1. Leaving out same-chain residues fewer than 8 places away, which lysines sit with a Cα under 16 Å from that of K14?
2. To the nearest 10 Å², what's T21's accessible area with a 1.4 Å probe?
Amino acid sequence: MPTDPADDLTADEKREDQLTTAPKSTEADAKPRITVEETEPGVARIDIRDDANARPGKPDSERG
């Protein structure tokens with residue numbers, strides 16, 4: 001029975017592989033966009049990275 005090569009990849013490698021398979025994608029598309037910090041056991045803080053290319057909400061030029 002053949003094995004799937006994706007089974008040998010780490011979660012980060014699978015994410016990068018998925019985000020870079022589109023025809024016009026680049027390595028920048030796979031860069032992390034969030035940081036996760038565990039502030040206490042069972043509590044996580046998730047922030048959008050300052051250097052993230054894609055950010056939620058409207059671009060600054062459209063904010064009112």
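1. Candidates past the 8-residue exclusion: K31.
2. 90
The values are calculated or read from the model by the stated rules, or taken from the named source; none is laboratory data. Since the structure is predicted, the reported quantities are computational estimates derived from the model, not experimental observations. Only protein heavy atoms, including side chains, enter the accessible area calculation; ligands, DNA and RNA are left aside. Shrake-Rupley method; radii C 1.70, N 1.55, O 1.52, S 1.80 Å.
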